[in-house]
Each structure stands twice: as structure tokens, then as C-alpha cells.
Amino acid sequence: MACYRRIRDLREDHDLTQSEIAAHLGMKQPQYFRYEQGYRDVPTDILIRLADYYRTTTDYILGRTDDPSLPDSFPALPEASPDQRRP
């Protein structure tokens, strides 16, 4: 499964819009749309931020595994401060 299908499925599974995810990533919706459609490769930094946001691994998003869960040894993510959160 291609990366673009996984990020679309994750977004839909979380009942989010492309605009909401794009805002979280600090980009406009058309740019995020291109990642989801496979028109553009997802940059590594965006891939990591998506994995962190969805609490999964980059390997899952890239299709290297079908297990979306984080390993037990994975460090907890710090809570985002109010100024880091997007509406």
C-alpha cells in the first residue's frame, strides 16, 4: 500500500478533513491534497509529524508494516503547549 493511501485512511479514520491536517502541519490544504493523492512525495519531516500526530510509526505510513501500533519502548510524546496547538 502506498504512503498516500495510508495518510488518507488515517485521516478518515480520525474523522478529520484535509484542511484540519494541513493546518496542523502548517500548510495549505492544496499542498496536503497533493501528498494524499500521490502527486508529491511526503517529505521526511512531514512524515514524522504525521506519525507522531496519529501515534503510529513511519514504517506503518510507508507500508513497511501493517501494524499501526507503537512499540512498547517508544518514548511518550510531550504534550503540545497551547501555542503549538492548531484550532
* All positions within segment 1-46 that are more than 17 Å from Gly63 (Cα to Cα), of a type outside the set (Lys, Arg) and either in a loop (DSSP other than H, G, I, E, B) or in contact with a strand residue (DSSP E or B) (Cβ under 7 Å, 6 or more places away or on another chain) (or both) -> His14, Asp15, Leu16, Thr17, Gly26, Met27, Tyr39
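Conditions (1) polar (S, T, N, Q); (2) modelled with pLDDT of 90 or more; (3) surrounded by 16 or more Cβ atoms within 10 Å (Cβ to Cβ), marked per residue:
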site: Lys28; (1), (2), (3): no, yes, no
site: Tyr32; (1), (2), (3): no, yes, yes
site: Gly38; (1), (2), (3): no, yes, no
site: Ile48; (1), (2), (3): no, yes, no
site: Tyr53; (1), (2), (3): no, yes, yes
site: Pro68; (1), (2), (3): no, no, yes
* Failed criterion for Ala23 (all others in (1) open to solvent by less than 40 Å² (accessible area, probe 1.4 Å); (2) in contact with an Asp or Glu (Cβ under 8 Å, 6 or more places away or on another chain) hold) -> (2)
* **Unmet requirement for Thr17, which otherwise passes all of (1) surrounded by fewer than 13 Cβ atoms within 10 Å (Cβ to Cβ); (2) modelled with pLDDT under 95; (3) of a type in the set (S, T, N, Q)** => (2)
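The values are calculated or read from the model by the stated rules, or taken from the named source; none is laboratory data. Please read these numbers as outputs of a predicted model, since none were measured by experiment. Quick reminder, even Gly has a Cβ in these numbers, built from the backbone with ideal geometry, and neighbours come from all protein chains shown. These area figures cover heavy atoms from the full protein model, side chains too; ligands, DNA and RNA do not enter into them. Shrake-Rupley method; radii C 1.70, N 1.55, O 1.52, S 1.80 Å.
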